[in-house]
Amino acid sequence: MSSLDRHFILGYGSLINGESRAKTGETGRVWPVKLQGFERHWSVMSTEFGMSSVAVIPAAEKACNGVLVEVPHDQFPLFDERERGYQRAVITSAQLTPYHDDSLPEGIYWVYHTDEVTEPHHECPIALSYLDVILSGCLEHGDAFTQDFLTLTKGWAAPLLNDRRAPRYPRVQPELSTERLNVLLAPVTTLSIKELSVTYES
């Protein structure tokens with residue numbers, strides 16, 4: 001197979017999470033990387049689920065982190081559908097720095113981006129059910145990668161909803177242990193540890 005026949009998607013949100021990727025389509029190996037030339041923000045991408053998502057916008061001198069995921073070309077329609085509202089564009093290997101001493105594969109690299117950010121609001125807040133999936137995916141790649149996700153994401157002052165009991169995110173992973181996630185989130189979000197940990201009587 002020539003390098004032009006290999007395709008890779010740069011996942012910087014829920015696609016970081018291996019279980020979440022598998023809910024959409026077949027994927028291969030992943031490489032944790034830092035992407036230059038884009039900045040990640042919380043943004044309202046759709047009002048369908050009443051929650052905001054992360055999105056990247058082109059931004060010189062900025063960076064975000066994510067995972068480079070090999071995706072068979074026949075699976076792209078499935079991922080394009082998942083990422084409705086975003087544009088898919090080619091990025092170059094020169095924009096990518098691997099986290100580990102590991103050379104990147106040859107092929108065509110893609111990222112889903114937007115050109116402008118719509119700040120989250122109370123109708124479409126940051127939803128913990130979605131954020132839990134992203135952070136658990138980040139932890140698959142270590143503490144430094146996880147901290148970079150938190151640091152390199154803009155918009156944490158936006159409204160945030162603890163929807164763990166009644167999740168808005170359609171690809172929720174309700175079995176996740178949230179204790180460690182709460183500790184990671186407390187410094188950056190508008191909720192306290194107590195609010196993050198709150199349980200509801202059924």
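Quick note: the coordinates plus some simple rules give every number you see, no bench work behind them. Quick caveat: nothing in here was measured; it's all calculated off a predicted structure. Neighbour counts are summed over all protein chains in view; Cβ atoms, including those assigned to glycine, are modelled from backbone coordinates with ideal geometry.
Hey, can you tell me all the residues within segment 1-24 that are part of a strand (DSSP E or B) and either closer than 18 Å to THR151 by Cα or aliphatic (A, V, I, L, M) (or both)?
Once the filter is applied, which keeps residues that are part of a strand (DSSP E or B) and either closer than 18 Å to THR151 by Cα or aliphatic (A, V, I, L, M) (or both), segment 1-24 yields ILE9, LEU10, GLY11.
Tell me which of these LEU104 doesn't satisfy, since it passes every other one: (1) surrounded by 15 or more Cβ atoms within 10 Å (Cβ to Cβ); (2) assigned to a loop (DSSP other than H, G, I, E, B); (3) in contact with a Leu (Cβ under 8 Å, 6 or more places away or on another chain).
(1)
Among the candidates TYR130, TYR99, single out the residue that is surrounded by 18 or more Cβ atoms within 10 Å (Cβ to Cβ), among the hydroxyl-bearing types (Ser, Thr, Tyr), closer than 27 Å to ALA63 by Cα and touching a helix residue (DSSP H, G or I) at 6+ places or on another chain (Cβ under 7 Å).
TYR130
Looking at segment 161-189, I want the residues that are free of Cβ contacts under 8 Å to residues at least 60 places away in the same chain and have a partner that is surrounded by fewer than 19 Cβ atoms within 10 Å (Cβ to Cβ) and among the small types (Gly, Ala, Ser) with Cβ atoms under 6 Å, at least 6 apart or on another chain. Which pairs are those?
Listed by first residue and then by second, the contacts come to ASN182/SER197.
Conditions (1) among the aliphatic types (A, V, I, L, M); (2) assigned to a loop (DSSP other than H, G, I, E, B), marked per residue:
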site	(1), (2)
VAL117	yes, yes
GLN147	no, no
LEU150	yes, no
TRP156	no, yes
VAL172	yes, yes
LEU176	yes, yes
LEU181	yes, no
THR189	no, yes
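Among the listed residues THR47, THR27, identify the single one that is in a loop (DSSP other than H, G, I, E, B), surrounded by fewer than 23 Cβ atoms within 10 Å (Cβ to Cβ) and in contact (Cβ under 8 Å) with a residue 60 or more places away in the chain.
THR47
Could you list, ordered by first residue, the pairs with Cβ atoms under 6 Å in which the first is in segment 102-118 and of a type in the set (Ser, Thr, Tyr) and the second is part of a loop (DSSP other than H, G, I, E, B), at least 6 apart or interchain?
Close Cβ pairs satisfying both conditions: TYR112/GLU83; TYR112/TYR86; THR114/TYR86; THR118/VAL44.
In segment 50-68, which residue that is crowded, with 24+ Cβ neighbours inside 10 Å, more than 15 Å from LEU131 (Cβ to Cβ) and in contact (Cβ under 8 Å) with a residue 60 or more places away in the chain is farthest from the chain's Cα centre (by Cα)?
In this case the residue turns out to be LEU68.
Going by the conditions given, is GLU19 loosely packed, with under 15 Cβ neighbours inside 10 Å and within 23 Å of ARG168 (Cβ to Cβ)?
No: the conditions fail for GLU19.
Does GLY137 count as in contact (Cβ under 8 Å) with a residue 24 or more places away in the chain and either touching a Gly at 6+ places or on another chain (Cβ under 6 Å) or part of a loop (DSSP other than H, G, I, E, B) (or both)?
No, not satisfied.
Looking at segment 137-159, is at least one residue more than 17 Å from the chain's Cα centre (by Cα), surrounded by 14 or more Cβ atoms within 10 Å (Cβ to Cβ) and more than 28 Å from LYS34 (Cβ to Cβ)?
Yes, the conditions are met somewhere in segment 137-159.
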